[in-house]
Amino acid sequence: MPFQKLKPQIKAILKTGESSVELRLLKICELLKENISYYNWVGFYFKNGDKEELKLSSYAGEPTDHTIIPFGKGICGQVAVSNKNFVVADVKAQDNYIACSINVKAEIVVPLFIDGENVGQIDIDSNTPDPFTQDDERFLEWVNEQVAEVLTAP
Ligand code: SME
């Protein structure tokens, strides 16, 4: 598990003041997708202004039609209202799920907080069944904390 190895790389990407926040988030998505074998789609969604919906920001992987997701809809929309990590071992077993690709078997969504407010999330799709552990949750929470710092003081 290369999580510890990836942490300094993520910090270095986020520190790069010359590039926009979107570009830095894109680089993080690409880094995670390329280095963690079971991360097949990695993206950040953020609350869309004052609307009760999420808007897709940077991502790595196949383009998705689901660039806007209403709060409450799908795994992402549920995390927008629950404020809790959502680990889906088998997407077929979920009723409230928005399919992006027939290859996806599992999904993890971890909310991103600024000053205690749920402003967005990191979303990972996996083509491997049931691949996510608590280590993924702790790692992605850490990633979101780093991103939150940059969003607060870009
Ligand atoms: N599967 C998500 C939709 C976003 S895609 O995975 C990129 C959901 O159910 O909310």
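The values are calculated or read from the model by the stated rules, or taken from the named source; none is laboratory data. Remember, it's a predicted structure, so these values are computed and weren't measured experimentally. Cβ: placed from backbone, ideal geometry, glycine included. Neighbour counts: every protein chain shown. To get the accessible areas, we keep the full protein, side chains included, count just its heavy atoms, and leave off ligands, DNA and RNA. Shrake-Rupley method; radii C 1.70, N 1.55, O 1.52, S 1.80 Å.
Take the conditions of a type outside the set (Lys, Arg) and more than 16 Å from ASP135 (Cα to Cα) and apply them to LEU31. Does it pass? Outline the logic, then answer.
Numbers: of a type outside the set (Lys, Arg): yes; more than 16 Å from ASP135 (Cα to Cα): yes.
The answer is yes for LEU31.
Just for strands (runs of 3 or more DSSP E) wholly inside the stretch 24-80: which have at least 2 residues that are out of contact with any Lys or Arg (no Cβ under 9 Å at 6 or more places or on another chain) and open to solvent by 20 Å² or more (accessible area, probe 1.4 Å)?
Output list reads 53-60.
Test GLU107 against the stated conditions and say whether it is touching a residue at least 24 places away in the same chain (Cβ under 8 Å), among the acidic types (Asp, Glu), out of contact with any Phe, Trp or Tyr (no Cβ under 7 Å at 6 or more places or on another chain) and in a helix (DSSP H, G or I).
When the stated conditions are applied, GLU107 does not pass them.
Any residue at all in the stretch 67-78 that is near the ligand (Cβ under 7 Å from one of its atoms) and of a type in the set (Ser, Thr, Tyr)?
no
For LYS92, all conditions in the list (1) among the charged types (D, E, K, R); (2) touching a residue at least 60 places away in the same chain (Cβ under 8 Å); (3) open to solvent by 70 Å² or more (accessible area, probe 1.4 Å) hold save one; what is the number of the exception?
(2) is the only condition that LYS92 fails.
Quick one: count up the residues across the stretch 37-49 that are within 16 Å of the ligand (Cβ to nearest atom), under 19 Å from SER101 (Cα atoms) and more than 11 Å from the chain's Cα centre (by Cα).
The total comes to 2.
Kindly indicate whether any position in the stretch 144-154 is touching a strand residue (DSSP E or B) at 6+ places or on another chain (Cβ under 6 Å) and within 16 Å of the ligand (Cβ to nearest atom).
Looking for residues that are touching a strand residue (DSSP E or B) at 6+ places or on another chain (Cβ under 6 Å) and within 16 Å of the ligand (Cβ to nearest atom), one finds none in the stretch 144-154, hence no.
Report yes if ASP123 is open to solvent by 80 Å² or more (accessible area, probe 1.4 Å) and either away from the ligand (no atom under 13 Å from the Cβ) or not in a loop (DSSP other than H, G, I, E, B) (or both), otherwise no.
Working: open to solvent by 80 Å² or more (accessible area, probe 1.4 Å): no; either away from the ligand (no atom under 13 Å from the Cβ) or not in a loop (DSSP other than H, G, I, E, B) (or both): yes.
In short, no.
Give me a count of the residues in the stretch 104-120 that are farther than 20 Å from ILE28 by Cα and either buried (at least 21 other Cβ atoms within 10 Å of the Cβ) or within 11 Å of the ligand (Cβ to nearest atom) (or both).
2
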